[in-house]
Amino acid sequence: MFNLILFGPPGSGKGTQSENIIANYGLQHLSTGNLLRTEIANQTTLGLQAKQLMDQGQLVPDEVVIGMVGNFMDAHREAKGFLFDGFPRTTAQCVALDALLKQKSNEINVVLALEVSEEELVKRLLGRGATSGRSDDINESIIRARIKEYHDKTTAVATYYQQFDKVVHIKGEGTVESIYADLKAEIDTRI
Ligand code: B4P
């Protein structure tokens with residue numbers, strides 16, 4: 001199994017680049033943002049609780065996200081590897097993910113960390129908000145709150161995997177194609 005974490009702040013291109021990576025390597029895409037938005041669209045109890053937090057730019061509680069990820073991995077036992085997009089976002093999620101993978105004698109192979117300036121992130125997310133209808137993208141103060149959550153809680157994810165020497169930093173500004181080429185080069189040396 002080859003397991004990859006695509007890491008970076010909101011708007012850094014995780015979802016965008018995930019599409020290219022899964023198309024090329026056949027990994028199973030696991031985006032916690034997409035899973036949560038499906039719960040919201042289906043108006044489940046979990047979705048209704050998550051929406052309130054997401055609309056304020058806050059993270060959904062660890063136990064909710066970890067349970068959802070465990071169920072998803074169980075439902076995709078045949079996968080030849082996972083591309084984790086937007087997960088883990090806290091140290092507790094890192095520890096839980098390591099435990100889930102260890103049960104299957106697996107581990108994270110690499111963390112590819114996209115680096116983008118804050119002003120570019122805000123510009124991209126406001127741009128997406130103008131057309132996508134995503135309620136967490138339309139308001140600059142919510143976008144700034146998401147970036148603050150990232151600095152307060154999610155940068156610790158890179159620190160966690162750095163202790164195992166698994167983090168590779170990638171410049172996330174430029175064309176989608178040029179950034180994908182950099183990601184691909186790192187994957188190809190490891191897969
Ligand atoms: P996510 O769905 O993960 O949202 P995101 O980080 O904003 O999106 P992403 O980073 O994938 O977007 P992309 O850059 O591709 O999370 C949403 C919310 O769900 C979170 O705030 C949180 O509340 C909750 N949540 C999710 N996972 C959680 C977890 N594990 N724990 C707790 N809570 C969780 O795209 C952004 C825009 O940039 C697009 O318009 C794209 O076209 C553009 N773009 C991409 N690459 C570009 C480039 N190179 N140049 C110019 N524009 C580019």
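The values are calculated or read from the model by the stated rules, or taken from the named source; none is laboratory data. Model, not experiment: these values are computed from the prediction. Cβ: placed from backbone, ideal geometry, glycine included. Neighbour counts: every protein chain shown. Surface accessibility is based on the protein's heavy atoms, side chains included, excluding ligands, DNA and RNA. Shrake-Rupley method; radii C 1.70, N 1.55, O 1.52, S 1.80 Å.
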TODO: State whether one or more residues within the range 151-166 are open to solvent by 50 Å² or more (accessible area, probe 1.4 Å), part of a helix (DSSP H, G or I) and away from the ligand (no atom under 14 Å from the Cβ).
DONE: yes
TODO: Answer with yes or no whether Phe87 is within 12 Å of the ligand (Cβ to nearest atom) and under 29 Å from Val110 (Cα atoms).
DONE: yes
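Listed here are the residues, each with its yes/no results for (1) in contact with an Asp or Glu (Cβ under 6 Å, 6 or more places away or on another chain); (2) among the small types (Gly, Ala, Ser); (3) buried (at least 18 other Cβ atoms within 10 Å of the Cβ).
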| site | (1), (2), (3) |
| --- | --- |
| Phe82 | no, no, yes |
| Ala99 | no, yes, no |
| Lys102 | no, no, no |
| Lys123 | no, no, no |
| Lys148 | no, no, no |
| Ile191 | no, no, no |
Open item on the list: Given the criterion within 12 Å of the ligand (Cβ to nearest atom), open to solvent by less than 40 Å² (accessible area, probe 1.4 Å) and of a type in the set (Val, Ile, Thr), identify the matching residue among Val116, Val111.
Closed with: Val116
TODO: Have a look at Leu46, Leu59 and point out the one that is open to solvent by 30 Å² or more (accessible area, probe 1.4 Å), closer than 20 Å to Gly8 by Cβ and not charged (D, E, K, R).
DONE: Leu59
- [ ] Just give me the residues in the range 8-30 being open to solvent by less than 70 Å² (accessible area, probe 1.4 Å), within 26 Å of Ala79 (Cα to Cα) and either more than 6 Å from the ligand (Cβ to nearest atom) or aliphatic (A, V, I, L, M) (or both), in sequence order.
- [x] Gly8, Gln17, Ser18, Asn20, Ile21, Ile22, Tyr25, Gly26, Leu27, Gln28, His29, Leu30
- [ ] Would you list the strands (runs of 3 or more DSSP E) that sit entirely within the range 15-134 and hold 1 or more residues that are among the charged types (D, E, K, R)?
- [x] 82-85, 110-115
